[in-house]
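In what follows, a single structure is set out as structure tokens and then discussed.
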Amino acid sequence: LRNRFPVPSMTSSLSLSDRQGARTVSLETSLLLRESHQQYLTPANRFTLGYNIAFLEHLTEFNGEPIPPDFAPTTGRVNSIVLRYLRDTRIPTPVGAPLSVLAEPLAYGYALRLETEFAARILGSTAPGFQQVRGEVSDYLRLWNQTLLQLRLFGGWSAGTLPLQRTSFVGGADD
């Protein structure tokens, strides 16, 4: 559920997701700042403030591997505050234009994503708290007609008792 509120450049959303045994309710508000790039107006900077409530189911295995009983909390409720920043300089394709109209995709440039998450008992969590920072830099290179190459570098840092559903994996976790 998404709505532009209170101004057109702000978006508020309420979402429900179910991933890896964690049902998460998220309430987020984003502010989008646009920049002009040549003759295009690109959605360059997005700042997001969110509040998540994750209900963790009991997990006995994760990504096909059994979980040791004392490895990480797999049950309980995690309440967290999330801050995100996205800088995206890619020129988007015109909305509603069929791909056959465009001789070449315009989505070249770079994207920078930063996210920090803070979960604690003072926010209402039943599981122990944690802090996490994640970052990603992607460069999109146009090779030839409708062919792009994405170069991606990502990483993160975590502290505290992190539930398996919030753990970072090289290549991402299986869904």
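Amide H contacts under 5 Å for G129: R121, T161, restricted to partners 5 or more places along the chain or on a different chain, H placed in the peptide plane at 1.01 Å from N. Computed from phi, the 3J(HN,Hα) profile of region 159-168 under the Karplus parametrisation 6.51, -1.76, 1.60 (θ = phi - 60°) reads 9, x, 8, 8, x, 4, 5, 9, 6, 8 Hz, with x in place of Gly and Pro.
Values quoted throughout were computed directly from the atomic coordinates according to the rules given, and no laboratory measurement underlies them. What you see is a predicted model; the values in this text were computed from it and never measured.
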